[in-house]
Structures are given as C-alpha cells and as structure tokens.
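Scroll down for the structure; my scribbles are underneath it.
The values are calculated or read from the model by the stated rules, or taken from the named source; none is laboratory data. Because the structure is a prediction, the values reported are computed rather than measured. Here the Cβ is made from the backbone with ideal geometry for all residues, glycine too, and neighbour counts use every protein chain on show. When the accessible area is computed, the model is the full protein with side chains, heavy atoms only, and any ligands, DNA or RNA have been set aside. Shrake-Rupley method; radii C 1.70, N 1.55, O 1.52, S 1.80 Å.
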Amino acid sequence: MENQKGIVEIFAEKIWKFFSSVKLAVVLLIILAIVSVIGTVIAQNEAPERYLREYSQATVRIFDMLGFFDMYHTWWFVLLLFLFTANLTVCTLDRFPHTWKLVTAPLKPIDDDSLKAVPFKKEMIFSAGANKAEERTAAALKARGYRYVESRGPGSAQFMTQKGIYSRFGVYITHVSILLIFVGALIGSFFGFKAFLNLPEGSASKVVYLRNEPMWDQIMAALGIAESPVIHDPQVGVPAMPLGYYVRCDNFDVDYYIGPSGMPTGMPSEYHSTLSIFDLDGQKILDKRIRVNDPLTHHGITFYQSSYGTIPDARGKVLLNVRLKSDASSAGETIAVDPGATAYVPSIDRTIKVLGFAPYGMRNPATGEIVFYHTENDEYINPTVELEVYRGHGGGKPIYKPAVMKTDPGQPNMPENYVIAYRGYVGARYTGLQVTKDPGVWVVYTGFIMLCIGPLIAFFGSHRKLWVRIQDRQGQTVVLVAGSANRNRISFEKEFNRIAEEIIK
Amino acid sequence: MESSLLFNIATLAYLAAMVLYISYLAFRKNAIGQTATAITLAGFVVQTVALLLRWRESYQMDIGRVPLSNLYESLVFFTWSTVLIYLIVEFKYKTKAFGAFVMPVAFLALAFINVAGISSDITPLVPALKSNWLFYHVLISFLGYAAFGVAFAISMIYLLMNIDEKGPVANLFAGLGTIVVLAPIGYLMASQGDRMKTAFWLGLGVLVLAWFIYLIVAGARNKSQVFLFWSFCITLAIVLLVAMGIDFVYLVSMKNLAAGESYKKHMFESTFLNSSTPVTIVSWAAVLAVFSFIWSKGMGLKRLLKPYIPAQDLLDDVTYRMIAIGWPLLTAGIITGAVWANSAWGTYWSWDPKETWSLITWFVYAIYLHARYVRGWKGAQMAVISAVGFLAVIFTYLGVNLVLSGLHSYGGLN
Ligand code: HEM
C-alpha cells in the first residue's frame, strides 16, 4: 500500500529539501555578495545633511525607505542572513547522518559489483603464490601506515583499509563555525552594548552613554518582566548604562615621534590614558594605562582609547617633579600648580611660580632662548612651562627663570642642586573612551578558530580507501588492488600505483 | 639605503625571468627554462634578503616596524608571495608553462611601484597600526591574494584553451560599442556633478555584475561570450596598469601634487579623464584598439600555446588547489583583522568598506567552492568565477582605497 502523506508532511518535506540544496546556498551567496556592495558604495550612518548634499531629495527618500543608509541592519538584509543560516543548518543536518554512517560503518569487502564505482583498480596475475602475495600486501600497507582488516572466504583473502577518515568532518567544522559566529553576534547584540564616555582628566563616572541598548533589556522592559538598568534622563538625552563602579581618568596624553632634530614631529606615536577603577564606596580597585590596541577590562566591560579633546575654558594644573641631583634614583616630589600661582617645595626650600603653559615650545640650541608655536587643536606637541624660582617662601627677586619642556633630557640646565622636570598638564582635556560589553565574543572567537581549522582539514585531508583482494582462480593467484579517495586524487593515484607495484614487483 | 638596491636587483631579475619564461614557451629549449627558474629563484632570495634588511633598517631608524605597513611594502610583499607560490607550483607540477603568465603579474606589480614613484620611505606607524596583529593580518592576507593571483593566471589559460572559436564579429562590435556608448555617457554625467557621477558608476556596476552572473550561470555554454570575457579581463589588466603608469609619470613629473594631496582625486586625469578632448578620445581609442587586438589575436595565441600547455583537467585542478590555499588564508586574514579591530576598537566587525569588500571576495570564492556541487557547473564556469574573484581581490586591495573611503587608510596612494 502506498504511504499516504498528509499535506503538512509534504509541505515540510518540500521546505526541508529547498533549504538543504547547495544551489540555494550558491544563489544566496551571490545575492549576499551583490547587496553587500550597496553598503560600500553608499556611506553608512551619516548625518542626513550629508546625504542631501550627495543625492537628490527624491533619491534620499527612496534610499531611506529601502534602508540603504543603514543597510546591514535592515530587516531584509537580516532576513537574507537568516535564510542563509537556515540553509546552512538544514544542509548540515541533512548530510551529517550520511557522513556519520560512512565514518562509523566498518569497511565492507569489495565484490565485483561494488568494484564498478571504485575509481582506481588494477588486477594482475601473481606468480609467486598467494602466501607471498599476502605477505607483500601486509608489508606494503604497513609501510605507509595503513592499518588493515582481513577478511577470508573460500579461496580468497581481502585486506581492507582506510585512512584520513577525519577529513570528512572538515566541512562540518567549517559550517558549524559559521553558525557559531552568527550565534555569538546575536548574543552580543542581545546582552552586550556599545557605549562611549568622554571623561575629563581628574573626573570619574559611574555610567557610560549608550550607542545601542542591549536588546534583551529592551524586550524585558517592553514585556514588563524586568526593569531595564538603563537610565533615561531627558536632560542628558542619551541613555546611560550604570557600570556598577566608578572609572576615573587620571590623565591623558599624546606622545609624538621624535624627528631627526631631536624635536617631536607632529605625528602622534601613542595616545594613552591612565584609568582607575573605584568601587561604589570609593575604594580603589586597580589602575591601568590604556593605549590604542591595549584596553582595560573590568567586570566584562572594556574601555578603549578612542579619541580626545579640549574642554572649553577649562584651565589645567601644571605637574612638576622636583628631585635632588645627588639622589638620581629617587622619585622626587611631584607638585601640582595652577598657571600663575606659586607653590612652596619644602625639600629644597624654594618657591616655584608657574608663569604660563604653552603646548609647543622649542629651545634655540645656540642661544637657549625659547620660542613658542601655535598648534592645531591645541595639541600638546612639546608642552613647555616658564617658571620663576624664589628663595624660601618667596618674596624678593627670583633667583633664576627656567623653562622646562617635555622633551628636555633628564638633567636640564639647572643652576642649583635639584632638577625641576615637566610631568604633565592635567585638567584641560578629556579622554574619549569607547566602552563595550560583548558576552558573545568568546563564542565568535571559538567560531573563528574552527573556521581557521575546518577548511584546512577539508582541503588537505583526504579519505582514502584501499582493498587488496587475493584470489585463487583456476590455480592462478589473481591480485586485485582497488582504491578510492574523496580528494587529492592525483597524489592518491601515485600512492596507489606504488603500492600495487610493491605487491607485484 | 641597502634594501632599495636589492629591491631593484630583484625587479630586474623578475624582468629577466619573465622574458626567459616567454622565450621558453616560444623556443622550447630546456636550457632557457632552467635559466628562467634559476633567475627567479635568485631574484626571490635577493628580495627576501631585501625585505629582512628593510625590517632591520626600520629598527635602526628607531621606528621598528614590520615591512608590511604601507602601499609600497604591501605591493612588494604581494610580488614576493606570488613568486613564492609560483615556484612551489613549478616544483610540484614540474611544468614551466605557467611562468610566462605568472611572472608578468609579479613584474608588473614591481614596475608599477617604480613607474608610479610610490614612496618607499620608511614612515612611522600611526597608533592604531601599532599592533602585532598588523603583521599577521597583512602577511596572511597577502599570501592569500598571491595564491588567488596565481589561480587567476591559470584560469585565464584555462579559458583560452577552452574556447574553440572567437565567435561572431558582432560580439566584438557589441563589446566595443558598449565602451563607445558608455564612455561619453559617463563623461557627460560626471560633468553634471557628483550625483550624476555616482549614478553612472552605480549603473555601470549593475551592468557589469549582471554580465558576470550571466557568464557564471549560463555563459559556459556560450563560449564566444566567455571569450569576450577573457579578452575583457586581459584588456582590463593591461589598460589599468598602463593608464595608472601614465598618470603617475604625468603627475609626478609635470604637475607635482601638493603635499599630502591624494592621488586618488587625479586618477586617470592624464588619460581617460583628461581635460583636453583629443587626449581623451585618443585614450579611449587606444582601449578599443587593445581590446579588438586581443579579441582578434586570441585564437592565434591559443594555437601557438596549445602544444605547451598542460591538459585542461590539470589546469582546473591547479586552480582549485590554489583557491584551496588562498581561501583559508583569506579567511584567516579576515579573522585576524576582526580580532585586531576588536582589540583596538571593541568591535570585530563594523561593515567598513574594506572589510565588506574582503567579505564579498570571500563570498565569491565560497561560491567557487560550492559551485562544484551544483549539477552541471564545470571547468569554464569555475574559471570565470575564479577570475571574478580575483577582480574582487584587486578591488578590495586597491579599488576600495581609490574609490571608496574607510578605516584602512594605509593602502592610500598619497
Ligand atoms: C559562508 C558559509 C559557508 C562556508 C564558509 C562554507 C564552507 C565550505 C567549505 C570550505 C567546503 C569544502 C569545499 C570543498 O571541499 O571544496 C564546503 C563544502 C560544502 N558546503 Fe559549505 N560553506 C558555507 C555555506 C554552505 C551552505 C549554506 C550550504 C548549504 C547547502 C553548504 C553546503 C555545502 C556542501 C553540500 C558541501 C560539500 C560537502 C562535502 O564535500 O561532502 N555550505 N563548505
């Protein structure tokens, strides 16, 4: 009796078949490749004014409707990715059982029927007798690391062996890695966030400002299940995410490459901020100097050096270090002075007055005179301070008027028995931090590792099977060598021929 | 600087090797072939030493960075990897037939550097590039690109060998006609302002893509279209290189770009986009001439080469092997880039144009790998996909920096 299938079953089967096809995969890959181009031609996520400058109003409206300005997040692009994922999943589920069977099933002795499907075969008459043939076969297979199974019948013996069976899994490792990467990315967008924080030197914050809110919090809040931790303050305008601790910027600085003249070129070599983490009670937990490419992570939240800027109208404090010449190893004493103000330094019984701060000073090597330059955006290319040093608590005439700059060598010309060195100008700038939390990143990285390994196994491994049948046919010993390889056939053919030759000789 | 002298020696060695490989095909004398291999090998060793020296020099200059950090170095490294992979293929397959096709790729890239006057200064790295990931990322990606380059050269041979007739002259006229019609339209639209220019490029892109898809899906049965594609690829390679060479010579010697000014804005100004109409017309006429020359001489070239070229199955196999090497490298290149971005900015993927184009390239080769499992897709289609893949590689490498904008500034031609 014919098996009657319900309409649902037929439909499900059709869908399964549709999604397991490689043709669909190729079509989807072609479509993905083409639509991805759009987002590279049209600048993404720009301000509306910029689009209006570049395209006509009607075009902007159409592009906007199609989502071309944030293309990779449109519903239809996500749908494409979803279809692709479904394709990959179904295809993998569809084929894996076959592969598993193939891998676990023991090798079957070959017969004349199944021989037809085997690509490499050689049949030869062997004059030295069946025993000798078996001996040679065993030796030839062993020499190449093939572990064989024997099967015996009346008047015939078979050696069966296979190698490189693991290579069948390479494709699966590859395909699953793609799924893992997608899953990791989803975890990231559900439970993670991207935020920024512009933190002035010397200040601390316990929140960061979100670029995108964790989807999970949004969903939970919308369903009324749990309140989102995100703070929506209409005065700030940007949603804020509490960190659960304080982060403070102790200082931000830019280092510049030093040119051949020994003076800094305008080319930055490093941006760095010193960040400290305090718990909510004000206990310091740790600090770290972060640089581009070397962030700070605390409780799953990572702070990246991303930009910096000047705070309008803010005045900083000059940090100076004073140390006795006789005591080169000591850290000395660091003092903070407002420009225009004075500070008494007990260890040397002197008062230092800071006349002013300039972002770029240069000393004329011949005259020792200092020349100041303007810099773009007030970048501190070679920060320089002019000082006056007074005896005791001040009053009277200054003893001398030194200028110290960042690039001064360790022992600038100081007439007395101590050295005053420039340490920083803090408080007039903020550090721009990119702040992210991405709990999915380890899933993605696992996918990455598998994606590096999988193709290597798939491409460079090869599942090779070999059969040697030694038969007695009317008193003659007939040796049949047969083999197949799912890959790298050309090199297998060479190996196959050599094995056959070694048996016959 | 010592390294630059060695780089020049290597360039000359590759030039000699290119000439020798071509004469080997023409005269079939073993001695010529062996000399070609020896000279290639010598050039390769010299270039390796030069790369290491340059690395050391950067430390002597207190900059200390991997010699893979700007356009100059990446082009040099591209030729180095191409030659490396070519030598491996030659030894493994014991054929010198590919040398005549691969060595020109390597030599032209080096010649491009010299003619172009791309700065070979060792400049310090901006903070974002100061990471060990830069090294892995660029090293791996360029090895992959080189494998794709070799695959492309062999696919071109495959296509040529696969075609038995150049087809009706109507095809040539259709091809020429398309250029004759499109060039002035593009010209006119570009003069109407940026919007029209964008519209033109978009339209042209759609047209080209449609043709590629036609070729891949149905074209293998239409051999004369494939021949047109072959002629198109070869013409494109020749014309782009020559035009950029002229551009550089012109800009460097006549106009002197303002400091810091990007070459990108002046691309093709000395030829196709010249302000003088006669020069423009002559340039386009030259393109037409090259195109029709290649189209009409292709069959002759095939007859000439036929006896020396290995069997088509082998060509197909070598192409597949090259992609099987290149694709995992490209994959690892994209992944190292993603990991690097994550350590620098906290996002492993930001859909920046360069990233996206490398992904598109990756898709094209993924299509190649899966197309073999689609019924009826065979050699010629595979060769077309492989060629389209390499066009995507070139666009990812140079085109994105020239035409689009993004984070990967280091490839910039300024
Ligand atoms: C971007 C996603 C994908 C990647 C990176 C990928 C990667 C690979 C690789 C490296 C191979 C080995 C190719 C070879 O042996 O030449 C392969 C084979 C294959 N892939 Fe994919 N693939 C992807 C998506 C898909 C999808 C969506 C399907 C769904 C139909 C699919 C079906 C297959 C099949 C049937 C094979 C052949 C397996 C075999 O040799 O037994 N792939 N894939």
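At-a-glance table
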{"item": "Value at 222 nm in deg cm²/dmol, rounded to 500, when DSSP H runs of n ≥ 4 in the protein assembly as shown each add -39,500 (n - 2.57)", "result": "-17500 deg cm²/dmol"}
{"item": "Simple spin-label estimate for residue A:375 and residue B:210 in nanometres, 7 Å along Cα-Cβ", "result": "5.5"}
{"item": "Once the Cα gyration tensor of chain A is diagonalised, semi-axes √(5λ) in Å", "result": "73, 35, 21"}
{"item": "19 Å cut-off, amide nitrogen to a point 7 angstrom out along residue B:250 Cα→Cβ, residues in region B:276-315", "result": "B:276-291"}
{"item": "Between 0 and 90°, nearest 10: helix A:22-41 axis offset from chain A longest Cα axis", "result": "20"}
{"item": "Solvent-accessible area of residue B:355 with every protein chain in place, 1.4 Å probe, in Å² to the nearest 10", "result": "20"}
{"item": "Global size of the protein assembly as shown as Cα Rg and Dmax, reported in angstrom", "result": "34.1, 127"}
{"item": "Cleavage-rule hits, chymotrypsin sites (Phe, Trp or Tyr not before Pro), region A:351-401, DSSP coil, Cβ neighbours within 10 Å at most 13", "result": "A:373"}
{"item": "Solvent-accessible heavy-atom area per residue, rounded to whole Å², over the protein assembly as shown at 1.4 Å", "result": "48"}
{"item": "Cβ-derived FRET efficiency at R0 41 Å, residue A:328 paired with residue A:261, nearest 0.05", "result": "0.95"}
{"item": "Charge dipole (the protein assembly as shown, unit charges on Cβ, about Cα centre) - positive-most of A:497, B:305, B:295", "result": "A:497"}
{"item": "Dipole of region A:53-180, positive end: most advanced residue of A:73, A:157, A:110 [Cβ charges, Cα centre]", "result": "A:157"}
{"item": "Förster radius 30 Å - calculated FRET efficiency between residue B:306 and residue B:370 (Cβ-Cβ, nearest 0.05)", "result": "0.45"}
{"item": "Acute angle (nearest 10 degrees) that the helix A:130-143 long axis makes with the longest principal axis of chain A, alpha-carbon atoms", "result": "10"}
{"item": "Surface/4 estimate of mean projected area, convex hull on alpha-carbon atoms of region A:280-395, nm²", "result": "12.1"}
{"item": "FRET efficiency for residue A:135 and residue A:21, using Cβ-Cβ distance with R0 set to 51 Å, rounded to 0.05", "result": "0.55"}
{"item": "Distance between modelled label sites at residue A:103 and residue B:56, nm, 7 Å Cα→Cβ extension", "result": "4.9"}
{"item": "Principal axis box of region A:335-386, alpha-carbon based, largest edge first, Å", "result": "36, 30, 15"}
{"item": "Neighbour-limited loop hits for GluC sites (Glu not before Pro), region A:4-57 (at most 16 other Cβ within 10 Å; DSSP other than H, G, I, E, B)", "result": "A:46"}
{"item": "Alpha-carbon centroid distance for the pair region A:342-364 / region A:431-466, whole angstrom", "result": "55"}
{"item": "Dipole magnitude of the protein assembly as shown, debye to nearest 20 (Cβ charges: Lys/Arg +1, Asp/Glu -1, about Cα centre)", "result": "3480"}
{"item": "Environment charge of residue A:295, counting only residues whose C-beta is closer than 13 Å and scoring Lys/Arg +1, Asp/Glu -1", "result": "+2"}
{"item": "Backbone N under 16 Å from the residue A:414 label point (7 Å along Cα→Cβ), restricted to region A:295-327", "result": "A:319-327"}
{"item": "Separation of the residue B:135 and residue B:27 label points, Cα + 7 Å toward Cβ, nm", "result": "4.5"}
{"item": "Extension gain from residue A:227 to residue A:58, taking 0.36 nm per residue of separation minus the Cα-Cα distance", "result": "56.7 nm"}
{"item": "Chains B and A, summed buried accessible surface - 1.4 Å probe, Å², nearest 100", "result": "4500"}
{"item": "10 Å Cβ neighbours from other chains, averaged over peptide B:318-331", "result": "3"}
{"item": "Mean-position separation - Cα centroids, region A:137-171 and region A:378-405, in angstrom", "result": "87"}
{"item": "Buried on assembly, region B:127-162 (at least 30 Å² less accessible surface than by itself, 1.4 Å probe)", "result": "B:127, B:130"}
{"item": "Among B:193, B:300, B:333, residue whose mean-square fluctuation peaks in a GNM of chain B (springs only between Cα atoms under 10 Å)", "result": "B:193"}
{"item": "Sequence of B:57, A:376, A:333 from largest to smallest accessible area, 1.4 Å probe", "result": "A:376, A:333, B:57"}
{"item": "Computed accessible area, residue B:319, all protein chains, 1.4 angstrom probe, square angstrom", "result": "10"}
{"item": "Gyration tensor over alpha-carbon atoms, region B:53-179, equivalent ellipsoid semi-axes in Å", "result": "37, 19, 13"}
{"item": "With Cα atoms, 0 to 90° folded angle of helix A:57-66 axis to chain A main axis", "result": "50"}
{"item": "Cα extents of region B:195-241 along the three principal axes, largest first (Å)", "result": "39, 27, 11"}
{"item": "Cα gyration tensor, chain B - rounded (a/c under 1.5), prolate or oblate", "result": "rounded"}
{"item": "Buried on assembly, region A:426-451 (at least 30 Å² less accessible surface than by itself, 1.4 Å probe)", "result": "A:445, A:448, A:451"}
{"item": "Region A:386-505, accessible surface, carbon-and-sulfur percent (1.4 angstrom probe)", "result": "51"}
{"item": "In region A:171-280, the GluC sites (Glu not before Pro) that fall in loop regions by DSSP, at most 11 other Cβ within 10 Å", "result": "A:227"}
{"item": "Computed over region A:1-100, Kirkwood Rh from alpha-carbon pairs, angstrom", "result": "16.5"}
{"item": "Between region A:286-306 and region A:202-216, the Cα center-to-center distance that results, in Å", "result": "15"}
